[in-house]
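To start, the structure itself, in structure tokens.
Any read-out appearing in this document is the output of simple, stated calculations on the displayed coordinates, not a laboratory observation. Please read all numbers here as calculations on a predicted model, not as lab measurements. Neighbour counts run over all protein chains shown; Cβ positions are idealised from the backbone, glycine included.
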Amino acid sequence: MMGIAQTGTGKTAAFLLPILQHLSKDDIRTPGRAPAVLILAPTRELAAQIGASCKVYGKFLNIEHTVIFGGVKQGSQVKALKSGIDILVATPGRLLDLIQQGYISLEYIEIFVLDEADRMLDMGFIHDVKKIMNLIPKNTQTLCFSATMSKEVETLTRGLLNDPVHVAVTPQATTVELIEQSVLFVDQVDKEEVLIDLLKQEHLKRVLIFIRTKSRANKLCKKLTLQGIKVDAIHGNKSQKQRTQALSNFKKGRSRVLVATDIAARGIDVEEISHVINFDLPNEPENYVHRIGRTARAGAKGRAYSFCAAEERGYLSDIEKLIKQNIEIIKHKKHSNKAQNSRGPYSRSAHKQRNRKGGFRTNRSRKSKGQGGFRNKISRPRRQ
């Protein structure tokens, strides 16, 4: 089966609940209690999140699971494997390591789930996935899930799946309707000042900020900390312990702001994220869908702001083309006409704008207090 659904629409529950029902109903036990189900995830955070869902959904079932990923010592993971499990959640690298060491056998796998197939491709795991697939029985039921269906994902699924059923919960590459999206044109040197002004507004209660590089993430954290803003960062250079602690602080409200790079995006499943801010626009438009999908989860409303400098104008055009709509523009005290009117090699002609009176708003019906220099909003019509 090939499942396509937006980030935050419940893909994890869609495959976990039937798996748990199947294992519980048929009381499946493999020899030596080797895993009967393998769930492969691209990042440590996502693997941990799936493991947490297993624990919650299977609380009253006699079904054992464990999660294995790199970045931590393997001792506790090996111990869990030796005690016997039914569901194994893993990242590709650590899974192959433990297979080579003889701690894991995939010969009894009945169900294989490849989660976030698009991210697997982005992160270069395709060869590892194929190695793992070759170790799984030929009659294994394979489920593949993705937030987007690019040509690369389609090619991957053709090689992994045999005449799959396609299930698309929503049209591919569309963003969650409950997310109000806006773009702020700003010069690169002014981004930090604009961000600080934005964060001074009280209605931004739990904010996830995406940034392109690890060094910029660390630098931004220092600047925000100097402003008295409680902030943590999560990216590839952080140890697993630091990443887990940062995510825990954010979930429990000890940090109001979490700065992240795309590599950590898929594992962040935190309830009540009020705002997502793209400090840097992603160079792959599909990542925009994943990023803003961190808010408005499970039917909640959300807000996404994107900063766009002149050199990022082409990225914005690609995003708007993918989501098939023009993102609303917010003018502010550091508004950059240069960025708005930029026509880079990949950007389309600037759209005609029309001014609309009114203040900076938390939603489309009421003005918010504490505008922090955000004044006029410009609305652009949706493409037909």
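So which of LYS151/LYS222; LYS131/LYS301; LYS131/LYS151 end up more than 32 Å apart, counting from Cα to Cα? Show your work: numbers first, answer last.
Numbers: LYS151/LYS222 40 Å; LYS131/LYS301 41 Å; LYS131/LYS151 21 Å.
Listed pairs above 32 Å: LYS151/LYS222; LYS131/LYS301.
Kirkwood Rh, Cα Rg: Rg to Rh for the range 2-168? Each step should come with its number before you reach the end.
Numbers: Rg = 14.8 Å, Rh = 16.0 Å.
Computed over Cα atoms, the ratio is 0.93.
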For LYS223, counting only lysines whose alpha-carbon sits under 18 Å away and dropping same-chain residues fewer than eight positions off, the answer is LYS191, LYS200, LYS214
With +1 on the Cβ of every Lys and Arg and -1 on the Cβ of every Asp and Glu, the dipole magnitude of the range 2-168 about its Cα centre, in debye rounded to the nearest 20, is 420 debye
By the mean-Cβ-within-10 Å protection proxy, highest first, 250-261, 304-315 rank as 304-315, 250-261
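Give LYS230/LYS333; LYS73/LYS219; LYS59/LYS82 a once-over and call out the pairs whose C-alpha atoms are over 23 Å from each other.
On the way: LYS230/LYS333 25 Å; LYS73/LYS219 29 Å; LYS59/LYS82 21 Å.
Distance filter (> 23 Å) returns LYS230/LYS333; LYS73/LYS219.
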Listed with the fewest Cβ neighbours within 10 Å leading, ARG343, ARG206, ARG44 appear as ARG343, ARG206, ARG44
